[in-house]
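Encoded as C-alpha cells, the structure appears first; notes follow it.
The values are calculated or read from the model by the stated rules, or taken from the named source; none is laboratory data. What you see is a predicted model, and the numbers here were worked out from it, not measured in a lab. We place every Cβ from the backbone using ideal geometry, glycine too, and count neighbours over all the protein chains shown.
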Amino acid sequence: MQTHPARRVLTRRHRGHLFEIYDDGGEGWIVVVHGSNAGREPPYDELRNRAPGGLEVLITEARRRVDRRLDGGGAPLGRW
C-alpha cells in the first residue's frame, strides 16, 4: 500500500477491522482496510473511487469483503 498524501477524515470499525477513510483532495475517496492487528500488520486492502456518493459505496464494499472473509466465503482480491 502507498503512503497517502490525502487527508484522513474518518475511521470506522466493522467486526474488529479498522477502516481508515481519506479524502483524496479531489472528487474521490480512499478506504484502507486493516485487520484486527491494525498497526502491527500492513493493511489488507485499499478501495478507491471518484463517483458521486462514492464514499458509501466504498464503505459498503469494504464491509462486504470483511464479512466474506470472516464468514468463510473465500478471499477477495488483495492481501486477504
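For this structure, a couple of remarks:
- Residue in segment 33-46 that is surrounded by 15 or more Cβ atoms within 10 Å (Cβ to Cβ), at pLDDT below 85 and in a loop (DSSP other than H, G, I, E, B) present: yes
- Applying a threshold of 9 Å to beta carbon distances and a minimum spacing of six or more residues, or different chains, the list of pairs starting in segment 54-66 at a residue that is closer than 20 Å to Ser36 by Cβ and ending at one that is of a type in the set (Gly, Ala, Ser) and surrounded by 18 or more Cβ atoms within 10 Å (Cβ to Cβ) reads Val66/Gly35.
- Odd one out for Arg63 among (1) modelled with pLDDT of 95 or more; (2) assigned to a strand (DSSP E or B); (3) of a type in the set (D, E, K, R): (2)
- Residue list for segment 12-31, restricted to those being over 14 Å from Glu56 (Cβ atoms) and loosely packed, with under 15 Cβ neighbours inside 10 Å: Arg13, Arg15, Gly16, Gly25, Gly26, Glu27
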